[in-house]
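Colleague: Before anything else, here's the structure in question.
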Amino acid sequence: MKKVAELKIFGHKLLVRSDENEEYIRAIEDYLNTKIEEVRENTKAVSSLDLALLAALNITGEVIKNKEILKELGRKSEELSLKIDRRLT
C-alpha cells in the first residue's frame with residue numbers, strides 16, 4: 001500500500017506516494033537537498049528551477065557512471081566465474 005510522505009526539497013513542500021519506508025524516503029530527500037546545495041554553492045544560478053535541473057543533471061551523471069561500473073563488474077564477474085569453472089573441471 002502506498003504511503004504519502006511530505007518532503008521539503010530546497011524549501012518547497014512536496015507530497016509523494018511511495019511503497020518505500022520512511023527512512024528510505026528521508027534519505028532520498030536529504031540526498032537531493034545536499035545535491036541542490038552543492039550546485040548552489042558552485043554556480044551562479046539563482047532560480048530554484050535552474051538549481052533543481054543542474055542537480056538533476058549531476059545525479060543523472062552519477063547514475064550513468066554507476067551503471068557503467070556495475071556493467072563492467074558484472075562482465076568481470078562472469079569472466080572470473082568462467083575461469084574458476086575451467087580450473088575446477
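The values are calculated or read from the model by the stated rules, or taken from the named source; none is laboratory data. Keep in mind that this is a model prediction, so the values were computed, not measured. Cβ: placed from backbone, ideal geometry, glycine included. Neighbour counts: every protein chain shown.
Colleague: For the structure I just gave you, tell me whether residue 35 is surrounded by 10 or more Cβ atoms within 10 Å (Cβ to Cβ), assigned to a strand (DSSP E or B), of a type in the set (Lys, Arg) and at pLDDT 95 or above.
Modeller: no
Conditions tested, residue by residue: (1) acidic (Asp, Glu); (2) in contact with a Lys or Arg (Cβ under 9 Å, 6 or more places away or on another chain).
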{"site": "1", "(1), (2)": "no, no"}
{"site": "4", "(1), (2)": "no, yes"}
{"site": "21", "(1), (2)": "no, yes"}
{"site": "25", "(1), (2)": "no, yes"}
{"site": "40", "(1), (2)": "no, no"}
{"site": "71", "(1), (2)": "no, no"}
{"site": "74", "(1), (2)": "no, no"}
{"site": "79", "(1), (2)": "yes, no"}
{"site": "82", "(1), (2)": "no, no"}
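Colleague: Still on this structure: Could you list, in sequence order, all residues of segment 12-30 that are free of Cβ contacts under 8 Å to residues at least 24 places away in the same chain and either closer than 22 Å to residue 47 by Cβ or in a loop (DSSP other than H, G, I, E, B) (or both)?
Modeller: Hits for segment 12-30 are 13, 14, 19, 20, 21, 29.
Colleague: Let me ask something else about it. Would you point out which residue out of 41, 62, 79 is of a type in the set (Asp, Glu) and either part of a loop (DSSP other than H, G, I, E, B) or under 15 Å from the mean Cα position of the chain (by Cα) (or both)?
Modeller: Going through 41, 62, 79 in turn, the sole match is 62.
Colleague: State whether the residues of segment 50-61 include one that is in contact (Cβ under 8 Å) with a residue 24 or more places away in the chain, surrounded by 11 or more Cβ atoms within 10 Å (Cβ to Cβ) and of a type outside the set (A, V, I, L, M).
Modeller: No, there is no match, as no residue in segment 50-61 is in contact (Cβ under 8 Å) with a residue 24 or more places away in the chain, surrounded by 11 or more Cβ atoms within 10 Å (Cβ to Cβ) and of a type outside the set (A, V, I, L, M).
Colleague: Checking residue 46 against (1) surrounded by 10 or more Cβ atoms within 10 Å (Cβ to Cβ); (2) not in a helix (DSSP H, G or I), which test does it fail?
Modeller: Just one mismatch for residue 46, condition (1).
Colleague: If you go through segment 12-23 one residue at a time, do you hit one that is under 21 Å from residue 63 (Cα atoms), touching a strand residue (DSSP E or B) at 6+ places or on another chain (Cβ under 6 Å) and of a type in the set (A, V, I, L, M, F, W, C)?
Modeller: No.
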